[in-house]
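Structure, as structure tokens:
Each value in this text was obtained by applying a stated rule to the coordinates, not by laboratory testing. Quick caveat, the model's predicted, so the values are computed rather than measured. Positions of Cβ are backbone-derived with ideal geometry, glycine not excepted, and every protein chain shown enters the neighbour counts.
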Amino acid sequence: MKKQAMYWLGMGLLSCSLLINCTAKDKHQAAEDAQEAQDKVERATDRAADKTKKAFDDVATDVKDAGQETKEDWQRERSELSVKVEDQKLALQKEIDRVDGKIKVAKDKEKIRWQERKAKLEVKRDELDASLKKIQNNAKEDWKEFKRDLNRKVDEAQKSLQD
């Protein structure tokens, strides 16, 4: 029994010494592996962060460029529409002046017809004038609707000139 106890004690000590030596080596290797894995994760995270930042910067630049283009388009359209409205106002005023001349020489019955025409033309001119003032203060969100409405008014004014 004493031999058996000594045998088991010896085997235990031998096992412990082997485990301690293996464990230290394994621990060291595991620590190196863990550090290497952590380094790989950090490098991958850094690369992903760099790619994300670059993508974000690219998107921000694209959005800024698109916004600038939209602003320039909006300003150009607004300017073109202002010119169109001014031209139409001048044409209406010229017709109003011509009608004034007709009113001066017209007989009573004809005079009433010319005065009605003049009143219609003045209303159209005043609508265009009000719209022109709106162009200067119009918000971008309402721009398309405003432009559509103003083009309708210009078309109506042209139709009035043709009547």
Here, ARG148 and LYS134, labelled 7 Å along Cα→Cβ, have an inter-label distance in nm of 1.3 nm
Can you tell me the length gained on complete extension of the stretch THR52 to ASP155, counting 0.36 nm per residue apart and subtracting the Cα distance?
32.0 nm
Fewest Cβ neighbours within 10 Å first, please rank ARG98, ARG152 accordingly.
ARG152, ARG98
Whole-Hz ³J(HN,Hα) for each residue in segment 151-159, computed from phi via Karplus 6.51 cos²θ - 1.76 cosθ + 1.60 with θ = phi - 60°, x for glycine and proline: what do you get?
4, 4, 5, 5, 4, 5, 5, 5, 5
With a 20 Å threshold on alpha-carbon distance, the violating pairs from LYS94/LYS153; LYS118/LYS147; LYS109/LYS153; LYS94/LYS147; LYS89/LYS159 are LYS118/LYS147; LYS109/LYS153; LYS94/LYS147
